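Please treat every number below as a calculation from the coordinates, not as lab data. Note that the structure is a prediction, hence the values are computed from the model and not measured. Note that each Cβ is placed from the backbone with ideal geometry, even for glycine, and that neighbours are counted across all protein chains shown.
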Amino acid sequence: MSGTSLLQVRTSAEDKEKASKILEKLGTNLSAVVNMMLKQIILTEGIPFEVKINQQVYSKTEAVKEVEATFAFEGMELTEDDLRILYAYKNGEIEGDELRQRLMGEIE
C-alpha cells in the first residue's frame, strides 16, 4: 500500500457498529467514507458538513403541518390516521420506510 498512511480513530463500539451496518446497506464501509470526508475537507478547506448546536428547525407540529400542506398542494388530503402516523414518525416511534409504506400505500 504505497502512499497510504494509517489513521486511527477512537469511537464507541455502538456507534461504530451502527454506522457500519448503515454503510454496508449503502454498499460502502467506514474506511471509504472517512477517505471521502478527508477529500471533501481538502476540496472545501473546511468541515464538509454544518457544525452547530442541534436545534430543531421546526417543531413537531410545524414539521407535520408542512407535510400536510405539501400533500394538500398535490391534491391529497391526510386523514387523522395519517397525521397520527406522522407524529409517531417524528417521535421516533416508527421508521421512515414504514411511514412511507403506510402513507403511499393508501394512495396507490
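Observations
- 0 to 90° range, to nearest 10: angle between helix 80-90 axis and the chain longest Cα axis: 20 degrees
- Residues Phe71, Phe49, sorted so that the one with the fewest Cβ neighbours within 10 Å comes first: Phe49, Phe71
- Full extension of the chain between Ala63 and Arg84 gives 6.3 nm of extra length, using 0.36 nm per residue less the Cα-Cα distance.
- Averaging over all projection directions, the Cα-based convex hull of the chain occupies 10.7 nm² in the image plane.
- Pairwise label distance in nanometres, Glu17 with Val34, each label 7 Å out on the Cα-Cβ vector: 1.9 nm
- Phi to ³J(HN,Hα) by Karplus 6.51 cos²θ - 1.76 cosθ + 1.60 over segment 57-72, Hz, x for Gly, Pro: 5, 10, 6, 4, 5, 5, 5, 5, 5, 5, 5, 4, 5, 4, 5, 4
- Inter-label distance for Leu26 and Ala72, nm, one decimal - labels placed 7 Å from Cα along Cα-to-Cβ: 3.5 nm
- Between helix 13-25 and the chain: long-axis angle, C-alpha atoms, 0 to 90°, nearest 10: 70 degrees
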